[in-house]
1. What is the number of the single condition among (1) farther than 18 Å from A2 by Cβ; (2) modelled with pLDDT of 90 or more; (3) in a loop (DSSP other than H, G, I, E, B) that Q46 does not meet?
2. Filter the range 12-31 for residues that are modelled with pLDDT of 90 or more and not in a loop (DSSP other than H, G, I, E, B); which is nearest to the chain's Cα centre (by Cα)?
Amino acid sequence: MAVRCSSWHENPDGSTVCDECGEPLTGGSASAQAGETTGARAPGTQRCLSCNATNPEGEVFCTNCGAKLG
């Protein structure tokens, strides 16, 4: 089930922050989105430089920590 912010942006389950507007989300789990510390990233994804979580390519904010991506 997708998690939505107050602006109705759809976010992956476990997100703690909206990946489009950066709004904190309730009910997310930071550890659920944390990425591995080594290895190549999967195609269509990007890593957060702040927490190393894996996020879908093109998102503006990390769904784990809220840091601006890219």
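1. Going through the list (1) farther than 18 Å from A2 by Cβ; (2) modelled with pLDDT of 90 or more; (3) in a loop (DSSP other than H, G, I, E, B), Q46 breaks only (3).
2. Ranking the candidates gives V17 first.
The values are calculated or read from the model by the stated rules, or taken from the named source; none is laboratory data. Everything quoted here is computed from the prediction, not taken from an experiment. Every residue, glycine as well, gets a Cβ built from its backbone with ideal geometry; the counts of neighbours run over all protein chains shown.
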